[in-house]
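The values are calculated or read from the model by the stated rules, or taken from the named source; none is laboratory data. The model shown is predicted, which means the values in this text are computed figures rather than measured ones. No Cβ is skipped: glycine too gets one built from the backbone with ideal geometry, and neighbour counts run over all protein chains shown. Protein only, heavy atoms only, side chains kept; ligands, DNA and RNA dropped before computing areas. Shrake-Rupley method; radii C 1.70, N 1.55, O 1.52, S 1.80 Å.
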Amino acid sequence: ALPISTFLSCLGFILLALLFQGIIEPTVVTVSVANGISNWGTGFIDCGALITNLFNFPISRGEIMIVQKTMYGLGSTFLALSFDAFFSPTENYIGYAVYVTVIIFFAGVFG
């Protein structure tokens, strides 16, 4: 499940980067499809990791789920802040989409 979710998430963010560059025409349908693909992949990552952790820690399921869902929710904040720290905090949507793609790819391959 992790290779499929990594591929879908990276594909969605690459499509968003192409939309921001103007290579693909940004219509409601194309933006919705790109965002839907990236959200579908990140949902797979979340579900796969959650089920694995619940299986590996059967006694403390509640605490594991709370910690993981909290970290998953804080992930977007971490990505935004780390992008602003390493790059200029301008409206660089293309760079942000590529940055998130690289982070998800390395997390999916090495995580």
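Filter the range 63-111 down to residues that are within 29 Å of residue 53 (Cα to Cα) and charged (D, E, K, R) and give me whichever is surrounded by the most Cβ atoms within 10 Å (Cβ to Cβ).
Only one residue tops the list, namely 69.
Take the residues in the range 47-81 that are among the aromatic types (Phe, Trp, Tyr) and more than 20 Å from the chain's Cα centre (by Cα); name whichever of them is farthest from residue 16 (Cα to Cα).
Residues of the range 47-81 among the aromatic types (Phe, Trp, Tyr): 55, 57, 72, 78.
Subsequent filtering for residues that are more than 20 Å from the chain's Cα centre (by Cα) retains 55, 57.
On the way: 55: 34, 57: 37 Å.
That would be 57.
If you scan the range 82-111, which residues turn out to be free of Cβ contacts under 8 Å to residues at least 24 places away in the same chain and within 18 Å of residue 18 (Cα to Cα)?
91, 92, 95, 96, 99, 102
Residue 93 versus (1) touching a Lys or Arg at 6+ places or on another chain (Cβ under 6 Å); (2) within 18 Å of residue 11 (Cα to Cα): which is the lone unmet condition?
(1)
For the range 1-50, name all the residues that are under 18 Å from residue 96 (Cα atoms) and not in a helix (DSSP H, G or I).
22, 23, 24, 26
Take residue 53 and decide whether it is part of a helix (DSSP H, G or I), at pLDDT 85 or above and surrounded by 12 or more Cβ atoms within 10 Å (Cβ to Cβ).
no
Being among the β-branched types (Val, Ile, Thr), open to solvent by 90 Å² or more (accessible area, probe 1.4 Å), within 14 Å of residue 94 (Cα to Cα) and in a loop (DSSP other than H, G, I, E, B) is the requirement here; does residue 59 meet it? Lay out the reasoning, then the answer.
Details: among the β-branched types (Val, Ile, Thr): yes; open to solvent by 90 Å² or more (accessible area, probe 1.4 Å): yes; within 14 Å of residue 94 (Cα to Cα): no; in a loop (DSSP other than H, G, I, E, B): yes.
When the stated conditions are applied, residue 59 does not pass them.
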